[in-house]
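The values are calculated or read from the model by the stated rules, or taken from the named source; none is laboratory data. For clarity, every value in this text was computed on a predicted model and none was experimentally measured. Cβ placement follows ideal geometry from the backbone for every residue including glycine, while neighbour counts extend to all protein chains displayed.
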Amino acid sequence: MPLSSSARPVASPSPAKRHTSFHWLFGLFTLAMRSGGELTRVAGEMHHTVTAAPMPWDAKHQADFSKAPKVYKLVKLVFEYGSDSIHQWVNRLPGQTPASGALVRMRSALNGVVGDKLVEWDHLLAMGMETVDELGNDIQLSQLNLQKRKSLVLFVHGLCLSEHDWQGPGHSELVAKLREQGHQVAWIRYNTGLPIWENGRQLAELLDQYWTQTKPRKSSITMIGHSMGGLVIRSANHYAEKQRHAWLVASHNAAYLASPHAGAPLEKIGNFSNSMLGATPYSKPLMALGNIRSRGIRSLRHANVTEPEHENAPQPWLPMSDKSHHLLVGARRFYESGNRWLGDGLVPEDSAMGGPYFPQQHPNVERVMLDQVGHLALLQDHRMYVYLQRWLIKRGVLEDQEGEGKAGFFR
C-alpha cells in the first residue's frame, strides 16, 4: 500500500505576503518553541530507555514517551501550548507589508528543511503553492492573457530556493525576450519540504484549474525546472496523465536543469548514517533528530515522482512522455574517473542526464553538459541561458531574430 493519505500534509495557500517583520519574528519564536517540544520528546524517550535498561542488542525495545517522567510531558505541553497560543494571536494581527526578498528566501529555506512539519502544525511560516512574478508579487494565471500560438513559460525552483534565486543577467535577458515575443512568464513558489509527488499533484491541479477557466486556443505550456523543480514537473505530467487533465496536450516542452532523476546520493548517505543510530536502543531515539529533515528532502533519495509503497521504496520505472520535448542540462566540477559521480557537487552526471527514465537516443530528448560550474551556480551561468534560448528557438517557442539558433550544441 502507498503511504497513507492521512499522513500526507496538504498545503494551503500561503498568507506570507501579508505578514510584517513582526509576524516573522514571532513565527520564528513559535517555531523554536515547537522544536523545543520535539527535543523534549526525544529526551523523554531516551530517559525511558535508560531506565528500562534493555540489552544493547535488543532490537525489539521501543522507546515510549508516555512512560517517561511527567516533567518531560509537562515541558513538552508548555512548549506546544505556548507555541499554538502565540501563533493564533499573531495570525489575528493585521499586516499588509509584502515580505522582502531576504525574508522570502529565509522562509523558502526553512520550508525546504521542515516544511512538512510546518504544514502539520498549521504554522504561519508554512508555504503553499503560488504563482508569482520575478519580484515575488502574487499573480493569478487566469489573469494572464495568453494569445493564440504563444506559450505559458513556468520556472520551477529547487529545494530550499525561491523565485529570487533565478534572477540574474542571463535569466532576465531570456525573460525579456519571451515577453517581447508575446509569451507569458510566471514563477512557481512552493513548499519544497513536501514530497515531490505532493507538489507534482498541486502543480497539475493548478494548471488544470487555469486551463479549465481560460480554455486557451492553440497555446502551449513550457516548464523549466531546476533540481527538485524538474522532478516536480515530471510528477505533474504523470499526475495529469492519470487524471486526464486537458492542459497536458499543450505541455510541449520541459527543461530539467541539474535534476537528480536517479536520486540524490547525499540523501542516501544521510539516510544510511541516520539508520546506524538504530543499531542500539540507547541511540535509537536520536533517529528522530535525523528524521527532522523534511519528507521533501527524503523523497529526493530515490527521486520519487510518484507516491512510493514505503519511504525506502525506489521509484518505479516510468515511461518518458514522447508527446513532449525534453532538454536535460547537467553540470560538473569533477572530471577524474573516480570522482565523476560527484557531478556538480550534488547531482551526478548520469542522474542529471536522465538516469534510466530518458532513452539515450530519442528525437525528443536533447542533452547539454556544462563544465566548471556547480549545482547552485548553474542558475547564474550565462552559458546555460544561451543554450536554453537556442533550445526554445529550435522548439519554435522563440523566434530566431539574431541567428542564435544556428549553432549546434546538443548531444
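Observations, loosely collected:
- Whether a residue is in contact with a strand residue (DSSP E or B) (Cβ under 9 Å, 6 or more places away or on another chain), buried (at least 22 other Cβ atoms within 10 Å of the Cβ) and more than 21 Å from E366 (Cβ to Cβ) was assessed, and M228 passes this test.
- Members of region 177-231 found to be assigned to a strand (DSSP E or B) and among the aliphatic types (A, V, I, L, M), listed by number: V185, A186, I188, I221, M223, I224
- Lone qualifier among R217, R179 - being over 25 Å from V114 (Cα atoms) and in contact (Cβ under 8 Å) with a residue 60 or more places away in the chain: R217
- Among the residues of region 99-122, those that are more than 15 Å from H157 (Cβ to Cβ) and buried (at least 22 other Cβ atoms within 10 Å of the Cβ) comprise V114, D116, L118, V119.
- Candidates H310, H326, filtered to the one that is at pLDDT 75 or above and surrounded by 15 or more Cβ atoms within 10 Å (Cβ to Cβ): H326
- The selection criterion, being closer than 14 Å to H157 by Cα and not aromatic (F, W, Y), does not hold for P265.
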